[in-house]
Amino acid sequence: MIQILPGGRFYDYEAKYISKKTNFLIPAPIEDSLTLLVQQAALKAHEALGCESFSRVDFLLNERENPVILEVNTIPGLTARSLLPRACEAAGISFLELCERMLVTAVLKEIRRIHA
């Protein structure tokens, strides 16, 4: 999990792609119980939308520290500043391994489709 601290008021285009003031806390400094709750909600959202292989689920914590889903991103970025590769790296999955997993998953899906 990643906590984003934009240098300005919003996590806008400037904060996301240009600013050097944006900080990414990996892993997010939250309680283990909240981490588990967010992970479970992210997986449920991923599955409820019929996502396959990977997605990135974005949350905000409201004033009571309850997670609120903002969006499920089915095509997350793969740039040096993108969140999915950063989260994977924190989980011990290199960028190369992430790309390999994506390719293998796509190939296996196509093989299943052909043989269905």
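What to note about this one:
- Phi angles across the range 19-31 convert, under the Karplus curve 6.51 cos²θ - 1.76 cosθ + 1.60 with θ = phi - 60°, into 3J(HN,Hα) values of 4, 8, 8, 6, 10, 10, 9, 10, x, 4, x, 10, 4 Hz, Gly and Pro given as x.
- Percentage relative contact order, the chain, counting C-alpha pairs under 8 Å, at least six apart: 18
- Net charge, Thr79 excluded, C-beta distance under 14 Å - Lys, Arg +1, Asp, Glu -1: +3
- Separation of the Leu25 and Ala45 label points, Cα + 7 Å toward Cβ, nm: 1.9
- Note on Glu110 and Phe54: the model spin-label points, each 7 Å out from Cα along the C-beta direction, lie 1.7 nm apart.
- Within the shell of other residues whose beta carbon sits under 11 angstrom from the beta carbon of Leu70, the net charge comes to -1, with Lys and Arg scored +1 and Asp and Glu -1.
- (1) 29; (2) 40; (3) 47, with the label sought being that of the calculated percent of Cα pairs over 25 Å apart: (1)
- Folded to 0 to 90 degrees: helix 95-114 orientation relative to the chain principal axis, Cα: 40
- Annotation: the residues Val72, Val104, Val57, sorted from fewest to most other C-beta atoms within 10 Å of their own C-beta, follow the order Val104, Val72, Val57.
- Candidate cross-link partners of Lys16 among the aspartates and glutamates, defined by an alpha-carbon separation under 15 Å and a same-chain spacing of 8 or more, comprise Asp58.
Taken together, the values in this text are just the output of simple stated rules run on the coordinates, not laboratory data. All values derive from a computational prediction rather than experimental measurement. Virtual Cβ from ideal backbone geometry, glycine too; neighbours counted across all protein chains shown.
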